[in-house]
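Undergrad: Once you've had a glance at the structure underneath, I'll fire off some questions.
Bear in mind that the values in this text are calculations on the coordinates, not laboratory data. The shown structure was predicted, so the numbers you read here are calculated from the model rather than taken from an experiment. Methodologically, a virtual Cβ is constructed for each residue, glycine included, from the backbone with ideal geometry; neighbour enumeration extends over all protein chains shown.
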Amino acid sequence: MTIRLALAVVALGAAGLMSTPQARDASVLPMGKALERSRSASPVINVAKRRRRNVETRDTAPETSAIPPGQASNGEVLFGVQDVGFLVDRDVIRVGSEIGKFDRIRLRVLRNEIYVTDLKAIFEDGSSETLLTDAKIPANRKTDWIQLNHKGFIKEIQLVYRSKPDFKGQARVEVFGEYENGWLGPNGEGRKYNDGWVLLGTDTAGSVGFDKVKIPVGQNEGGFKQLRVSVKDRDITMTNLAVVYSDGAKDEIEANRIKVDADGAFGPVDLKKGATIKEIEATWRSRAIATSKRDRAYATVQVWGKH
């Protein structure tokens, strides 16, 4: 029995010597290094490991897109809205030359905080400008204005971001722009485009209950003669539309319950008073059962004016 055991030990030793070169060639990593290599290959982990900076933000209402009066002297326009999941999202928000020229932009975040890897403006002339990198924006906050160095029509806004994985779920991100000086007004540059129609303000209409909104209008000395409401992304039901002038007078334009289709419009309607507009008051919601475009749960509503 002793001789057999000795022979077995010798055989195992020889087998180990023969397998050593193969094991060396396989380059099997220790468990710790294997996990480290796995983490470095994950795009989500890479984003999380990047150095982030806190962005200056201010309080904002948790669920409404109405802009508080006096926040934008040149007119604050909503470019677009995106719902952000837990994984890395890459979204493009179309702006286009028909909207106008802008001096600066900012983000508004609802429901959950987000991590912005990259925010970039692409202009119609092909140039681009990076506006924000590696930034954390808390929930229910809006960033301070981010100045645009390039003065031209914005073709699109490109974003790379994700929301924080927690019980709050998806974040909602809104991108706003403020017009350049001299875009609005009876002698403003905006009159040269879109047959004289200029975008006064934008809102997103939710699908749970009616939103009562007040959209402040930027500097518009001389007032407007006509008004039009355009709808994108989903049908809406509107129950009220009024114009409040700078002297406090109000023009009640529509008080009936009406439907406006996506890619459709209400108006144009003539305004009774050609004076400077302070704000637009409206009540609307996205229709639960939409007969046209249904790719979003909310509609984008634009209010246009013509001198």
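Undergrad: Full extension from Ser97 to Glu129: what is 0.36 nm times the residue separation minus their Cα-Cα distance, to one decimal in nm?
TA: Gain in length upon complete extension: 9.9 nm.
Undergrad: Please state the charge dipole magnitude for the stretch 196-288, taken about the Cα centre, from unit charges on C-beta atoms (+1 on K and R, -1 on D and E), reported in debye and rounded to the nearest 20.
TA: Around 140 debye, computed over the stretch 196-288.
Undergrad: I've got another one for you. Explain nothing, just compute: Karplus ³J(HN,Hα) = 6.51 cos²θ - 1.76 cosθ + 1.60, θ = phi - 60°, for every residue of the stretch 266-282 in order, whole Hz, x for Gly and Pro.
TA: Whole-Hz 3J(HN,Hα) from phi for the stretch 266-282: 9, x, x, 10, 7, 8, 6, 10, x, 10, 5, 8, 8, 7, 10, 9, 8.
Undergrad: What Kirkwood hydrodynamic radius do you get for the stretch 192-307 when you take the inverse of the mean 1/r over all pairs of distinct Cα atoms, in Å?
TA: 14.2 Å
Undergrad: In terms of modelled amide H atoms, which long-range or inter-chain residues lie less than 5 Å from the amide H of Trp197?
TA: Excluding prolines and chain starts, which carry no amide H, there are no hits.
Undergrad: Given the Cα-Cα distance of Arg90 and Lys120 and 0.36 nm per residue of separation, how much length would full extension add, in nm?
TA: Computed gain between Arg90 and Lys120 is 9.7 nm.
Undergrad: Next question. In the stretch 192-307, with Lys and Arg counted as +1 and Asp and Glu as -1 at Cβ, which of these residues, Ser207, Asn194, Trp284, has the Cα nearest the positive end of the dipole, that is, farthest along it?
TA: It is Ser207.
Undergrad: Could you order the peptides 130-136, 247-253 from most to least packed, using the average number of other C-beta atoms within 10 Å per residue?
TA: 130-136, 247-253
Undergrad: Between Arg257 and Phe210, what is 0.36 nm times their sequence separation minus the Cα-Cα distance? Round to one decimal in nm.
TA: On the way: separation 47, 0.36 × 47 = 16.92 nm, distance 1.16 nm.
Gain in length upon complete extension: 15.8 nm.
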